[in-house]
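This report refers to the structure that appears directly beneath it.
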Amino acid sequence: MESKRIADDQDLQIALQIRKEVFVHEQGVPLEIEIDEYDTLDGQCEHVLVYYNDEPVGTGRFRIIDGLAKAERICVLKPYRKFGLGRKVLDALEEIAIEKGFSQIRLHGQTHVEGFYNKLGYQTLSDVFLEHDIPHVLMIKDLTAK
């Protein structure tokens, strides 16, 4: 298992394909909502890929919104979800946040994986809300203990 920051369009297209499989095909998020203006290499976001046996199987992106660090679009292909790869995606995104000087990172976690995020140190800060018709909660993690 390894992770890397995406630096070229070929890797970005691989990440977008993983997201299409998970969010569009599995969860029914419309493609025009899932892929957005931040899915570029122009510096608005940083994207990561996570590998299992040299195959890219997970991804996520880091974005600064209103001066706050946010982890987004975190996903792992279904056959690989039992190998700790979601943690690897988050570790990579948290490292980016720390490098950029943030002491906290937040995310909108789907409620069915809220327990997973809790185990990794994220605390729930909101009631349930819908994002793309999927129940989510706002979660935050203190990065100073990392």
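The values are calculated or read from the model by the stated rules, or taken from the named source; none is laboratory data. Computed from a predicted structure; not experimentally measured. Using ideal geometry, Cβ is built from the backbone for each residue, glycine included, and neighbour counts are taken over all protein chains shown.
Key figures for this structure:
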item: K78 being out of contact with any Phe, Trp or Tyr (no Cβ under 9 Å at 6 or more places or on another chain), loosely packed, with under 13 Cβ neighbours inside 10 Å and within 22 Å of P56 (Cα to Cα); result: yes
item: Looking only at the stretch 10-57, and only at residues there that are hydroxyl-bearing (S, T, Y) and modelled with pLDDT of 95 or more, the one that is nearest to A71 (Cα to Cα); result: Y51
item: Unmet requirement for Y38, which otherwise passes all of (1) part of a loop (DSSP other than H, G, I, E, B); (2) out of contact with any strand residue (DSSP E or B) (no Cβ under 6 Å at 6 or more places or on another chain); (3) surrounded by fewer than 17 Cβ atoms within 10 Å (Cβ to Cβ); (4) not charged (D, E, K, R); result: (2)
item: Breaking point among (1) buried (at least 18 other Cβ atoms within 10 Å of the Cβ); (2) within 15 Å of the chain's Cα centre (by Cα); (3) in contact (Cβ under 8 Å) with a residue 40 or more places away in the chain, for C45; result: (3)
item: Count of residues meeting criterion [of a type in the set (A, V, I, L, M, F, W, C), more than 21 Å from Y52 (Cα to Cα) and touching a residue at least 40 places away in the same chain (Cβ under 8 Å)] in the stretch 6-41; result: 2
item: Where a residue in the stretch 135-146 is farther than 8 Å from Q104 by Cβ and its partner, wherever it lies, is of a type in the set (D, E, K, R) and loosely packed, with under 13 Cβ neighbours inside 10 Å, with Cβ under 8 Å and at least six apart; result: V137/D127
item: Selection within the stretch 1-25 - more than 16 Å from the chain's Cα centre (by Cα) and either closer than 18 Å to G86 by Cβ or assigned to a helix (DSSP H, G or I) (or both); result: M1, D9, Q10, H25
item: All strands (runs of 3 or more DSSP E) inside the stretch 42-146 with 3 or more residues being within 23 Å of D9 (Cβ to Cβ); result: 45-52, 55-65, 68-76
item: Neighbours by Cβ (under 6 Å, 6+ apart or cross-chain): first from the stretch 54-72, more than 22 Å from I18 (Cα to Cα); second in a strand (DSSP E or B) and not charged (D, E, K, R); result: A69/I105
